[in-house]
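Only one structure is covered here, and it is reproduced in the block below.
The values are calculated or read from the model by the stated rules, or taken from the named source; none is laboratory data. These numbers were taken from a predicted model, which means no experiment stands behind them. With ideal geometry, Cβ positions are generated from the backbone for all residues, glycine too; neighbour counts draw on all protein chains shown.
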Amino acid sequence: MSEQTSFKDTGFLSEQSRTGTLSVEMHQTPQYLVCEDLSQLGQSILNHCHIHPDDKNEVYLSLYFQRMLSHFQSILLMAERGMIHETEIMSRCLLEALFNLAAFYRHEDFLEAMTDGDTDQRREVLTRFYLKQLEIHALTELEMNDLERMINSADEINRGDVSTAIKAEMAGLMSEYRTEYAFLSETVHSRIHSVEQDLEMDDHQIIVGIATRAEDTNRLASLLMNAADYLIDGINIMLELHKQPDQSAHFEQIKRQVHKVWQNTTVKVAHR
């Protein structure tokens, strides 16, 4: 291992962050710039929402979007400092918040059953979903067993007992759950394959150093753009809930910008 191997190029207190070189580099990327615009738009949309406290669905959905926006802004902070794993962790949080937002938006009866519904209502909603899964086979056998367990104990469950897989399917985002969410979970749980990502190996798989700084900006760029797509999904829902014509026009413009930036973004995926 090289004598120069160290952790000096990672984190908020790193040499790179203190001198600002990495931050300047990230701020100049089109991915960061378009995400910054999207963040500002999302904040403006949230600020102009008129929430009706007596509409529980509206309250919960707006809170989930607020959580998404907070996660997205955290992603920008992490990315500009080259903190790739932290960016991955917040990306997973963002995606999970989207699962909740989209699932409860698409299935208002599900949200109502989980919050105010009695045992019969919960069982009815879950049974209907279970029967649909018998036809489309989107869930694994394990996930179906979990769903069956929930139905049999409908008097004891709440929103927290509903697995992420079930909410992802209800949200119409099972593909994202099986791919990006599963990949990001490697970092969240610090599995060995995730840790090995930080090692530099030679052709003979001998450790020669520690990749303490993001290996290049491509991975951070693709993470930012994925996060942008997730927030766009959330904004779409919010603009359905809270009609804001002026913001909608600006939103369409930013979506076109995101699409254009995506066309010039190299998707970097670490092998695990």
**OP:** Could you tell me which of the residues Leu63, Leu13 is under 23 Å from the mean Cα position of the chain (by Cα) and either at pLDDT below 95 or hydrophobic (A, V, I, L, M, F, W, C) (or both)?
**Re:** Leu63
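Is at least one residue of the stretch 103-111 within 15 Å of the chain's Cα centre (by Cα) and either under 23 Å from Thr179 (Cβ atoms) or touching a residue at least 12 places away in the same chain (Cβ under 8 Å) (or both)?
yes
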Subject >> Close pairs from the stretch 116-128: first more than 13 Å from Ser153 (Cβ to Cβ), partner of a type in the set (Lys, Arg) and surrounded by 13 or more Cβ atoms within 10 Å (Cβ to Cβ), Cβ under 8 Å, at least 6 apart >> reply: Asp116/Lys56
Subject >> Index of the failed condition, Cys49 passing every other in (1) touching a His at 6+ places or on another chain (Cβ under 6 Å); (2) of a type outside the set (Val, Ile, Thr); (3) within 14 Å of Tyr230 (Cβ to Cβ) >> reply: (3)
**OP:** Specify the residue that is surrounded by the fewest Cβ atoms within 10 Å (Cβ to Cβ); the eligible residues are those in the stretch 206-233 that are modelled with pLDDT of 80 or more and over 21 Å from Asn100 (Cα atoms).
**Re:** Ile206
**OP:** Among what's in the stretch 112-127 and is in a helix (DSSP H, G or I) and among the acidic types (Asp, Glu), pick the residue that is farthest from the chain's Cα centre (by Cα).
**Re:** Asp120
